[in-house]
Amino acid sequence: MPTLTVAGVIGAVVLSVLVWRMVDEGATPTVSDVPLPETAAVMDTGKECGSGGCWRTVSVAVPPSSTVEELAEAMGAATDHGERCVFRVPEFREVCWSVEVESERRVALDVWYGDIFG
């Protein structure tokens with residue numbers, strides 16, 4: 001009986017965390033949640049919201065030894081509006097990002113929490 005009680009409490013805590021993650025539309029991932037190469041420099045960040053949620057905007061300077069295409073590839077996304085999502089256990093959320101060319105030496109990222117339940 002004690003094992004069943006402990007399992008029920010743990011299940012309730014996990015379920016409440018997942019539900020909160022789903023209804024917290026204003027939450028956005030941090031810049032550190034995106035796999036930026038060490039040599040890339042974050043120039044600017046912001047937050048935008050629309051119907052259905054919010055996302056973080058990040059402007060990244062391409063390292064001198066790279067191109068925008070190489071930076072996008074290093075981050076696992078293409079510059080042609082491709083997006084990538086990775087499930088992160090600490091947050092119990094899927095972190096997604098897309099890469100878009102801002103200029104010859106800058107890319108713009110949109111970073112948001114994905115919907116792991118489809």
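Annotations
- Selection count, the stretch 37-65, where residues are over 13 Å from V99 (Cβ atoms) and not in a strand (DSSP E or B): 7
- Test: residue in the stretch 16-25 that is surrounded by fewer than 10 Cβ atoms within 10 Å (Cβ to Cβ), more than 14 Å from D110 (Cα to Cα) and modelled with pLDDT under 80: yes
- Residues of the stretch 97-115 classified as more than 10 Å from the chain's Cα centre (by Cα) and among the hydrophobic types (A, V, I, L, M, F, W, C), total: 4
- Scan of the stretch 27-67 for residues that are closer than 20 Å to F87 by Cα and either of a type in the set (D, E, K, R) or free of Cβ contacts under 8 Å to residues at least 12 places away in the same chain (or both), ordered by number: S32, D33, R56
- Among residues of the stretch 37-62, those that are under 13 Å from V107 (Cβ atoms) and in contact with a helix residue (DSSP H, G or I) (Cβ under 8 Å, 6 or more places away or on another chain), counted: 6
The values are calculated or read from the model by the stated rules, or taken from the named source; none is laboratory data. Computed from a prediction, not measured in an experiment: that's the story for all the values here. Every residue, glycine among them, receives a Cβ derived from its backbone with ideal geometry; neighbour counts consider all protein chains shown.
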